[in-house]
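Take a look at the structure below.
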Amino acid sequence: MKLKIKPLSPKIGKEIPLPYYATPGAAALDLHACIDKPLTIPGGSRVLVPTGIAVAIMENHVGIVAVRSSMGIRNGITLSNGIGVIDSDYRGPIGVGLHNLNKEPYTIQPGDRIAQLMIVPVTRHEIEVVSELPESERGEGGLGSTGR
């Protein structure tokens with residue numbers, strides 16, 4: 001399977017790396033900030049960071065954009081929308097919404113790894129409206145109901 005990537009900036013593949021798997025066991029591609037100069041996110045603020053690419057995701061798949069764990073844990077930088085979803089029929093530019101959870105500003109440098117892109121198979125289900133749902137062992141037990 002191949003992910004088709006269209007560079008939208010002449011910097012891609014030169015100054016800004018193409019997305020890549022950082023290790024042989026990596027589940028997601030690293031996405032990079034395609035910006036001309038450092039970008040500072042003030043404490044508590046959100047920004048949309050361009051990656052300089054568009055992608056063609058295969059039918060019956062979805063692109064999931066996730067925060068890099070080191071950015072979240074070490075720096076308090078997370079995705080502004082939790083995760084990003086890239087549908088298989090979207091062909092526009094990929095941007096990453098970042099949120100600085102800290103009070104202190106955080107600066108992104110051109111080419112910094114800012115997120116991860118995972119390509120995941122999708123199943124689509126027919127919708128059936130019912131008056132009752134099938135029983136399960138857990139039932140309606142919510143948060144904490146499993147004792148963990």
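Which residue fluctuates the most in the chain, going by a Gaussian network model with Cα springs under 10 Å, if the choices are PRO50, PRO19, PRO134?
Checking each option, the largest mean-square fluctuation is seen for PRO134.
Evaluate the relative contact order of the chain (contact order divided by residue number), counting alpha-carbon pairs under 8 angstrom at least 6 apart; express in whole percent.
Rounded, it is 30 percent for the chain.
Under 29 Å from the Cα of LYS2, which lysines turn up, not counting those fewer than eight places away in the same chain?
List returned: LYS11, LYS14.
Report the label-to-label distance for LEU48 and ASP36 in nanometres (one decimal), using points 7 Å from each Cα along the Cα→Cβ vector.
Modelled inter-label distance: 1.8 nm.
Just check region 4-121 against the gyration tensor rule for me: Cα atoms, a ≥ b ≥ c as the square roots of the eigenvalues, rounded for a/c under 1.5, and otherwise prolate or oblate depending on whether a/b exceeds b/c.
Details: a/c = 1.71, a/b = 1.39, b/c = 1.23.
Prolate.
Which aspartates and glutamates, on any chain, are close to LYS6 with Cα under 15 Å apart, when same-chain ones fewer than 8 places away are left out?
Partners within reach: ASP89.
Bear in mind that the values in this text are calculations on the coordinates, not laboratory data. All of these numbers come straight from a predicted model, not from anything done at the bench. As a convention, Cβ positions derive from the backbone with ideal geometry for all residues, glycine included, and neighbour counts pool all protein chains shown.
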